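> Submitted below is the structure of interest, expressed as structure tokens.
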Amino acid sequence: MENKLPERKRTRMKYFDYSRNGAYFITICTQDRKQILSSIIKNSDRTNVGEGLSLPLLTDYGKILEHNIKLINEKYENVMITQYVIMPNHIHMILTIMNEYGRENPSPTVSTVVGWLKYQTTKEINSTCKCIDRKIFQRSFHDHIIRNSDDYDKISRYIYENPLIWEKDCFYEEE
């Protein structure tokens, strides 16, 4: 009798070219949703935060992740992160691919860029804490193809406001 592994659920849209010009909403979660990237600081906790505003305070791991997010445009000339927020156990970002003169050869895909970000960040965190093969992120990531300016505005607002609603977030877990 043959032992077959269960088939993994397809996470990307079938037949879609993820190297196409466009904007993509990406969510990446930490392994086991451990809160290692930031903590949410509410207005009452810090005087320099605007009234009614909550902000992520990055951990050392979160700072490494942010540094690598900022390197994406250097690594991939036609890719830009236009907005992001680093939450305690996940990150939301808008990744934009802009191949002005047709496609590069080979063109970076959303998966290639996210894979590099996760790999580079994990490598640097493991080096910092002198860990070997510590998993920082879950295996896959969520993506949403941003279809129009209304969709973009809605997602942009969600990213901006995510720290405000942290305790109502689907990724929220008490420590």
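The values are calculated or read from the model by the stated rules, or taken from the named source; none is laboratory data. Keep in mind that what you see is a predicted model, and the values were worked out from it rather than measured. Because the Cβ atoms are built from the backbone with ideal geometry, glycine has one as well, and the counts that use them run over all protein chains shown.
> If you go through region 139-150 one residue at a time, do you hit one that is under 14 Å from Gly22 (Cα atoms), under 18 Å from the mean Cα position of the chain (by Cα) and charged (D, E, K, R)?
yes
> Let me ask something additional. Within region 37-65, take every residue that is buried (at least 18 other Cβ atoms within 10 Å of the Cβ) and modelled with pLDDT of 90 or more and give me the one that is farthest from Leu117 (Cα to Cα).
Filtering region 37-65 for residues buried (at least 18 other Cβ atoms within 10 Å of the Cβ) gives 37-38, 40, 54-56, 61-62, 64-65.
Then drop every residue that is not modelled with pLDDT of 90 or more, which leaves 37-38, 40, 56, 61-62, 64-65.
Working: Leu37: 14, Ser38: 17, Ile40: 23, Pro56: 20, Tyr61: 13, Gly62: 12, Ile64: 10, Leu65: 8 Å.
So, considering only residues that are buried (at least 18 other Cβ atoms within 10 Å of the Cβ) and modelled with pLDDT of 90 or more, the one farthest from Leu117 (Cα to Cα) is Ile40.
> Let me ask something else. Taking the conditions exactly as written (more than 16 Å from Cys29 (Cβ to Cβ) and among the β-branched types (Val, Ile, Thr)), does Thr96 satisfy them or not? Can you show your working first?
Values: more than 16 Å from Cys29 (Cβ to Cβ): yes; among the β-branched types (Val, Ile, Thr): yes.
So Thr96 passes the test.
> Considering each of Ile72, Ile91 in turn, give the residue that is under 13 Å from the mean Cα position of the chain (by Cα), surrounded by 15 or more Cβ atoms within 10 Å (Cβ to Cβ) and under 18 Å from Asp60 (Cα atoms).
Ile91
> In the list Ile86, Ile145, which residue meets the criterion of being surrounded by 19 or more Cβ atoms within 10 Å (Cβ to Cβ) and among the aliphatic types (A, V, I, L, M)?
Values: Ile145 fails: surrounded by 19 or more Cβ atoms within 10 Å (Cβ to Cβ).
Checking each option against the conditions leaves just Ile86.
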